[in-house]
Every structure is written in C-alpha cells, then in structure tokens.
Amino acid sequence: MFRSFLRRIRQPAAALLIPWLSFFLADILVYAFTDVTGWYALAFSAVWAGIFSGILFVLPRLAARIVFVLLYYGAVTYAILQTGYFQIFGKFLWLKDLLYLRDGAEFAGSVFSFLSPGFVAMSVLLLLWGIVACRLYPKTSCSRMKFLAVACCVITAVSLLPYLLDLSCSEDNNSRGLGTDYYAGKSLRRAYTLMYDAKKVYSLCGLYQTVGRDIAIHLIQPLLPGNQAEETAQLASIEAFFDDYQSEAAPNAMTGRFAGKNVILVLMESADDWAINETDAPTITKMMREGIYFTNMYTPLYGSVRTFNTEFTMNTGVFSPTDGNLTFSYCGNAFSESLPNLFRKAGYSANAFHYNSPTFYSRGIMDPAMGYENYICYADYTENSNMFSQVLNEDTFVLTNDELRKQLLCEQPFCNFVISRNAHMPYSSQDSVSRYAMEKYPQYKGADACEEVGYYYAKINLLDDFFALLLDELEQADLLENTVIVGVTDHYSYSMKDQERMLELSDVPVELMVEKTPCFIWSADMAQPVTVEKTCNTSDILPTLLNLFGMETDYRYIGQDVFNPDYAGYAIFSDGSWITDEVVYENGSITHTFSNGAEADVDVNAMNELAQRYIETSNLILESDYYAK
C-alpha cells in the first residue's frame, strides 16, 4: 500500500520539484557571484519558484514544457547578464539597461577576462540543466483535487509576498514613514518604492520580484494614460528642491571671466588622477597648474554607463536616470538649458567630435538632442570609413585632418566638444591602440609589475599629445588667446582588471574616493592660476561655466556654480552616499573624516535628506521634461 502511494506521488512531486529547483538555481547564480548578503533575496526567489512550478503543474505536459523553457532560459539569461555586469562594474542593471550592452560588444574580448571561472562554469551548467530538466519533466494528469490544492498553494504564496516584503524591510529603523532613516541611503524601503538602485531592490526581494517590479514600473506604467495630478506633483517637487537647497545666484569674483571667448570641452576618457603628473602628462599638468584646477572634482556614476553619464551631465546639468529608464529614451526632451544650446543662442556654433560610430551610445541622436549641431565621426574622414583604422589610433586625428581641423577651429565663435578615446580600456597587447601607444612610448614596457599600468601610462601620453597639439594648432590659427579649454574626466580607471593595483596607485583612504578625477579650465590670459579645493561634482560643471562666460539664464540646475560662496560643495552618488569637505559618508555611516573633529560640523540627517532629494530631482527633471515647462 505504501509503495502504491509512493508511485502515485512520485510523478506529481517531480513535476513540482524539478521546475522549482531550476528557477531557484537561476537566482543562486546571482546570489553566489555578487556581494549581496542576507537571506531575503533567496526567500523571495524560493516563493516565486514555487509559484511558477504550481502554474506549470496545472498545464498539459507539452504546454508546461514550452512555458518552462521560455521562463527558465529567460531567467537564466537575465541572471547571467546581471551577474556578469556586476562582476565587471559592481552594479546591477535594470531591464532597459540591456540595450546598452550592444555598445559594449566592441570590447567583449576584454570584458570576458573580468569574469570569474566559477561564474562561467556555473552559467554553462545552468544552460545545460535547462535541457536536462525539460527532458526529465514527467507526464502528469491534473485532477480537479490536484488543481484545487495547487491553486490554493499558489494563492497563499502570492498573498505572503507583501508580508515577506515587510519582513525584509525590517532593517530600516523607520521603513514606513518619511523620517531621517527613510532618507538615508541605506533605506531598502525607499529603494523599492522609488526604484532608484537596482542592487538594493535585488538584495531586498531577489531576482523575480525585482524583474516583475522593473517591468511594471519601467515598461508598463509609462504606457498608461498620463495623470495630470502626478505631473503637477513632479513639477512642484522639483521647484521645492530648488527653493530649499539653492540660493539666488549672484555675481561673484569669477563672473564673466571668459566672456566672449571660444570654448573647447574635452572629455578625457579614463584619465585617472594618479596618472596625471609632470612625467607622464606634462601638457595636462601644465594646463592644470596655469589654469583653474579643481582638486576635488568627483564624477559619480548615475545610470549604468559611466562615460556617457559624464558627457550627458556636463552638457545638460542633469545626471543619467537611475530609475531604470535609458538616457536616450529622453532624446525628445527640450534640453533648452544645455550648454551647447545656451552658447548657440549667444551666436556660437557647436559640434561634437569623436572617432566612434554615431550609433554608439546613440550619440548621433543624443548629441543633437542635447544641442550640438552635428555629431562628427572621424571614421567618415578616412579612406576606408573604418572607425578602427590605424590612422585613428590617436585623438590628434581631429587636428591632423584638414577638414576636421577647420570644423573644430572654425572662424565663427565656437563651443565644440571633443570626446577623447586614447586612454580607453583595454590595457594589453591584445588592443591595437595599446600596442600603438607602447610602440610610441616603449619606456613604459615593464615599468610596473602590473602589465596594465605600463599600457595605461603609454595611453595617457597619447592623450597628453592631443592637448599639446591642440595648443600648437590654436596658436597657429591665432586663436590661442581667445579660446578656453575645459578638460573633464568621465571616470576613474575602473576598467583595469587589477583593481588592487589601481587602488594602491590611487592611494585613497576609502574606496569611494577613487571617484575623484582630474578637471581643469585653461585660458592663455590667466595672470594668476586658481585652485578650487571645494568638493564638487559633474553637475556643477555647467552652471560654473555659465558663470565664467557671463551667460545669464533663468534656468536652475541640480548642480551649482562652484565659485558661489553660498554653495558648500558636495558630491552625491546614486546609492545615497556623499562626500563633503568634511567627511565621506556611505553605507549608513561616516567612513572617513578629512580633519580631526570634522564630523561634528556635519548634519548627517540633513545631508541624507539632501542626497535623496537630489537623486529624485535629477530623475524627475528628465521624466517630467521639466525644462520644456
């Protein structure tokens, strides 16, 4: 009798257990190879795996197999991408961010070297397991009683999810209210409510709940009919932020210092501060010493793409969205407040220059959307129209090619944007630009125990060559005295595989401070150099430049003019961490002070509230198309 009972339950048990184990293992991959801790993520995934198993159980065998394959491989593919991205960048993705992955295909060979062997092995096993599980899935018949039993279990599991969410939010001291802890960067409840940090949401509720909420909030909700009341509330929230945290802009000692001059903005790809010195970057170092040098400029990552985030922010004053939307989904916004648009209104021409294809990061769409007249791709000026042509190994191509140079250094007043490439990853003999740089600067071969460092320094020299030639060409064109050069780094050298060596070279007391990057403004007629020690961030660049060029505007920005004496200065990161002149705050506590007793001068609760409202306001400015209003 007992054996008969076992035979009766063996197939139903297998039909429930096999898919449950499969779906649960998909999330084990993410949990095992990221730094997420705690059991909440796995608890949610265990419940969702049970829900999926119950749904499959009541379907006919063929239908169950088809649905299982679709769900399982969708989950595993997403888990692999999510975990792989985290191993490379230390961040989690939203679904829409997956569209950016096509732009990383160019560097796929280098990217794969960041992945741990254990992760690759488990990924392969999970892909193979799906085939095995599908073949093992037994043929079962679902009687009315079985259907009712499974349906009751599924309904019970679904009804338990809100209670599990409350339990997983119990770490928040004040998870339901709007108290100081709710504003703190450590608040999981706030991350789940506002969906501004994918990693926090995952650590709270696991793979399936995160994906479901991502779909609901970022893909379905935007398609629903707009709510005028919500739009009004968004605009009111933005205005309230400006009123609460920004004083009325007033002229200061630097107002109009460069009025009427041309400007060339240079995005210094991957130029970390530890590599900028008299020996390895003499021209850049000289320009820093002679011009305005920002010693505490931070370029925090918002969104999921570091380089374009900095490009976008320095040109528009708004960070890339952190709420799961793509930056280029806002290409239809009215960026009337942007740097190129304001200069064009003042009679300047404005163009963007880069070696890469207009499709990369959708620059061919986004740069004109931000206000540039054209995105000019160097590959269009080579004989074989190949952006990987050897003639493009140096950023100086924009100056050595006659047609490009005439467009960059044109006759009418100009505000031009040059996106450098030379210091970009990877740093190895497998990369053509790295090989070229090492051939040109062989003294760096074996210069460091870490091979990457030698290639990195050689590439930094190529970047420095661009600035040296730019100064020469400006002088030859009789434009040197009337042109301001702005150098801004997009991010620190995060793409070096040997991050331990990178941290040694950075020599920072806490890791968050590696986000500090070189930034300077140079003009030939500066009688006295200016050193700005105030803590500042990427969003401050635009309002600071407007002040220096004496451009009046009615627009308000989340960043502020660095020379405004009423601006205390800070850098706010997308996870709620922040840095001021006094302290570094992250993960719910002060982790470093810049002087003895400095923490006594900081109102941590007030800064936490500012940080969260700052992040929300940046997102809302894009979401509401604020500057069109």
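Worth pointing out:
- Answer residue from segment 306-341, given it is of a type in the set (Phe, Trp, Tyr) and over 24 Å from SER270 (Cβ atoms) and is surrounded by the fewest Cβ atoms within 10 Å (Cβ to Cβ) among those: TYR330
- The residue of segment 225-237 that is surrounded by the most Cβ atoms within 10 Å (Cβ to Cβ), among those that are without any contact (Cβ under 8 Å) to a residue 60 or more places away in the chain, among the small types (Gly, Ala, Ser) and outside any loop (DSSP other than H, G, I, E, B), is ALA233.
- Cβ pairs under 7 Å, 6+ apart, first in segment 587-600 and polar (S, T, N, Q), second assigned to a loop (DSSP other than H, G, I, E, B): ASN587/LYS186; THR591/VAL510; THR593/GLU582
- Restricting segment 238-254 to residues that are hydrophobic (A, V, I, L, M, F, W, C) and not in a loop (DSSP other than H, G, I, E, B), the residue that is nearest to THR544 (Cα to Cα): PHE242
- Among the residues of segment 590-624, the one identified as among the aliphatic types (A, V, I, L, M) and in contact with a Pro (Cβ under 9 Å, 6 or more places away or on another chain) is LEU622.
- Taking segment 587-601 as the range and being open to solvent by 20 Å² or more (accessible area, probe 1.4 Å) and either among the basic types (Lys, Arg) or at pLDDT below 95 (or both) as the test, the residues that pass are ASN587, GLY588, SER589, SER595, ASN596, GLY597, GLU599, ALA600, ASP601.
Each row is one residue, and each column tells you yes or no for (1) surrounded by 13 or more Cβ atoms within 10 Å (Cβ to Cβ); (2) modelled with pLDDT of 80 or more.
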position: ALA108; (1), (2): no, no
position: VAL111; (1), (2): yes, no
position: ALA157; (1), (2): yes, yes
position: TYR182; (1), (2): yes, no
position: TYR196; (1), (2): yes, no
position: THR210; (1), (2): yes, yes
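- Among the residues here, GLU515 does not qualify as open to solvent by 40 Å² or more (accessible area, probe 1.4 Å) and closer than 30 Å to LEU93 by Cα.
- A Cβ distance below 7 Å, combined with a sequence gap of six or more or placement on separate chains, defines the contacts here; from segment 555-570, residues that are of a type in the set (Asp, Glu) reach residues that are part of a loop (DSSP other than H, G, I, E, B) in the pairs ASP561/ALA249; ASP561/TYR567; ASP566/SER247.
- Residue in segment 73-83 that is over 20 Å from ILE215 (Cα atoms), among the β-branched types (Val, Ile, Thr) and within 24 Å of the chain's Cα centre (by Cα) present: no
- Residue match in segment 87-94 (condition: open to solvent by 30 Å² or more (accessible area, probe 1.4 Å), assigned to a loop (DSSP other than H, G, I, E, B) and at pLDDT below 90): yes
- From the options ASP561, ASP554, residue that is under 20 Å from ASP243 (Cβ atoms), assigned to a loop (DSSP other than H, G, I, E, B), open to solvent by less than 30 Å² (accessible area, probe 1.4 Å) and not basic (Lys, Arg): ASP561
- Filtering ARG344, ARG257, ARG289 for residues that are part of a loop (DSSP other than H, G, I, E, B), open to solvent by 20 Å² or more (accessible area, probe 1.4 Å) and touching a residue at least 40 places away in the same chain (Cβ under 8 Å) leaves a single hit, ARG257.
- From ALA571, ALA606, ALA611, residue being open to solvent by 20 Å² or more (accessible area, probe 1.4 Å) and over 24 Å from ASN416 (Cα atoms): ALA606
To keep it simple, each residue is scored yes or no on (1) part of a helix (DSSP H, G or I); (2) open to solvent by less than 30 Å² (accessible area, probe 1.4 Å).
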{"site": "PHE466", "(1), (2)": "yes, yes"}
{"site": "ASP478", "(1), (2)": "no, no"}
{"site": "GLU500", "(1), (2)": "yes, no"}
{"site": "ALA527", "(1), (2)": "no, no"}
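- The single condition from (1) crowded, with 23+ Cβ neighbours inside 10 Å; (2) not in a loop (DSSP other than H, G, I, E, B) that GLY303 fails is (2).
- Filter pass, THR531 being among the polar types (S, T, N, Q) and under 24 Å from ALA423 (Cα atoms): no
- Some residue of segment 68-79 being modelled with pLDDT under 90 and either assigned to a loop (DSSP other than H, G, I, E, B) or surrounded by fewer than 19 Cβ atoms within 10 Å (Cβ to Cβ) (or both): no
- Entry remark, segment 571-613: residues being farther than 26 Å from ASN309 by Cα, in contact with a strand residue (DSSP E or B) (Cβ under 9 Å, 6 or more places away or on another chain) and of a type in the set (Asp, Glu) number 3 in total.
- For segment 121-129, the condition of being among the small types (Gly, Ala, Ser), within 30 Å of ASN587 (Cα to Cα), surrounded by 16 or more Cβ atoms within 10 Å (Cβ to Cβ) and at pLDDT 85 or above holds for none of the residues.
- Exclusive hit being in contact (Cβ under 8 Å) with a residue 40 or more places away in the chain, acidic (Asp, Glu), touching a Phe, Trp or Tyr at 6+ places or on another chain (Cβ under 8 Å) and surrounded by fewer than 23 Cβ atoms within 10 Å (Cβ to Cβ), set ASP280, ASP272: ASP280
- Failed criterion for ALA240 (all others in (1) surrounded by 13 or more Cβ atoms within 10 Å (Cβ to Cβ); (2) at pLDDT 90 or above hold): (1)
- Restricted to segment 436-464, and to residues there that are part of a helix (DSSP H, G or I) and open to solvent by 30 Å² or more (accessible area, probe 1.4 Å), the residue that is nearest to GLU278 (Cα to Cα) is TYR457.
- Any pair with Cβ under 7 angstrom, 6 or more apart, that starts in segment 129-157 at a residue that is closer than 16 Å to ARG61 by Cβ and ends at one that is modelled with pLDDT under 80 and open to solvent by 90 Å² or more (accessible area, probe 1.4 Å): PRO138/GLN11; THR140/GLN11
- LEU62 meets each of the listed conditions (1) closer than 22 Å to GLY90 by Cα; (2) free of Cβ contacts under 8 Å to residues at least 60 places away in the same chain; (3) open to solvent by 10 Å² or more (accessible area, probe 1.4 Å) apart from (1).
The values are calculated or read from the model by the stated rules, or taken from the named source; none is laboratory data. This one's a predicted model, so the numbers in the text were calculated from it and none came from an experiment. We place every Cβ from the backbone using ideal geometry, glycine too, and count neighbours over all the protein chains shown. Surface accessibility is based on the protein's heavy atoms, side chains included, excluding ligands, DNA and RNA. Shrake-Rupley method; radii C 1.70, N 1.55, O 1.52, S 1.80 Å.
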